[in-house]
1. Quick one: Gly11 ticks every box in (1) under 20 Å from Tyr250 (Cβ atoms); (2) at pLDDT below 55 except a single one, so which number is it?
2. I'd like the full set of residues that are over 18 Å from Ala145 (Cβ atoms), of a type in the set (Gly, Ala, Ser) and surrounded by 14 or more Cβ atoms within 10 Å (Cβ to Cβ), limited to region 105-126.
3. Of the numbered conditions (1) touching a helix residue (DSSP H, G or I) at 6+ places or on another chain (Cβ under 7 Å); (2) at pLDDT below 95; (3) assigned to a loop (DSSP other than H, G, I, E, B), Val71 satisfies every one except a single condition; which is it?
4. Can we say Ala78 is farther than 30 Å from Val181 by Cα, out of contact with any helix residue (DSSP H, G or I) (no Cβ under 9 Å at 6 or more places or on another chain) and of a type in the set (A, V, I, L, M)?
5. Yes or no: Ile87 out of contact with any strand residue (DSSP E or B) (no Cβ under 6 Å at 6 or more places or on another chain), closer than 18 Å to Leu247 by Cβ, of a type in the set (A, V, I, L, M, F, W, C) and modelled with pLDDT of 95 or more?
6. If we keep just the residues of region 56-70 that are within 15 Å of Ser140 (Cβ to Cβ) and either of a type outside the set (Asp, Glu) or in contact with a strand residue (DSSP E or B) (Cβ under 8 Å, 6 or more places away or on another chain) (or both), which is surrounded by the fewest Cβ atoms within 10 Å (Cβ to Cβ)?
7. Tell me, yes or no, whether region 179-196 has at least one residue that is among the β-branched types (Val, Ile, Thr), within 16 Å of the ligand (Cβ to nearest atom) and at pLDDT below 75.
8. Based on what the data block shows, is Asp200 of a type outside the set (Val, Ile, Thr) and either within 21 Å of Ala149 (Cβ to Cβ) or modelled with pLDDT under 75 (or both)?
Amino acid sequence: MFFNHQFAKNGVQELVKESLVSSRIFVSIFAISTFFGCATTAYKLPDMTYSEKARAQEQISNSPDRAERSVTMGEASAKLTRIYNTIASEARLTCRRQGERSIDDCNDWPIDIEDESIFNAYASGDNQITFFRQVFKVASDAEIAFILAHEIAHHSLDHINESRRNTAIGAIAGALVGAAVLGAIGDGCESSQTDCTADDDLMSDSMNIGASLGRLTYSRAQEAESDRFAITVLRNSGYQLNQARPLLLYMGNKGSGRVGSTFFDTHPSGPERVIHFDRLVSPYQP
Ligand SMILES: [Zn+2]
């Protein structure tokens, strides 16, 4: 997905907020977080100073709102097909170079456009990509190419399967931690035949928290890695990268306005994404 996943705002934060009421579950969160803290991610955002982030945030705040053009579904589809054709061969090469998917899986990415006023796109299923019509009302060709290459990257870098695995590993880790916490507390639920609902809740909350943390721990790294892939594809396809950059400022302005990202965000914060883009692009700027 190109922008923050909705569940990060609602699902996990609500879950954790409720869970923090219980100190036992707090112990679980801490233990599960530590588990993931030890795991390595394939790609990391570079270190950034606070003043760099503040400068990027200023550019984001000054990014103008955009007037919407009227675009029919037919026009949006024709434009997307044209842009797809300009980047497809470089996307195939970049996908194959990564070696995460088979050569056959690096051939083609079917695209749908949904008629919704949502500025976003997402990757799903088997190489499927979905755009929302709103994108074509406000974004330039280079920006649409960047979004498209970013979604192709999620498939090419096998992020959907990675997320599925991390979610499952997280749920297992959560269950183990929940069981360990219950064992440490030793409230004798089994022997005394008392109401075990609280223990069942702790186990199921631990699994849910573990699953969510498993997914989130890798998500920001995957988003940054997809941006890097998209930059490579656009550059080799002949796009001017500085024409894609305003997209990140525009989206940052639509976002939360925070300078740093928190553990529960699926995407890097606006300034982090802009700085990451600039660092990757700077060697190729005239
Ligand atoms: Zn994404």
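The values are calculated or read from the model by the stated rules, or taken from the named source; none is laboratory data. Remember, predicted model here, so these are calculated numbers, not experimental data. All Cβ positions, glycine included, derive from the backbone under ideal geometry; neighbour counts span all protein chains shown.
1. It fails just one condition, (1).
2. Correct list: Ser124 only.
3. Status for Val71: all satisfied but (2).
4. Numbers: farther than 30 Å from Val181 by Cα: yes; out of contact with any helix residue (DSSP H, G or I) (no Cβ under 9 Å at 6 or more places or on another chain): yes; of a type in the set (A, V, I, L, M): yes.
In short, yes.
5. So Ile87 passes the test.
6. Ala67
7. Looking through region 179-196, none of the residues is among the β-branched types (Val, Ile, Thr), within 16 Å of the ligand (Cβ to nearest atom) and at pLDDT below 75.
8. It is false that Asp200 is of a type outside the set (Val, Ile, Thr) and either within 21 Å of Ala149 (Cβ to Cβ) or modelled with pLDDT under 75 (or both).
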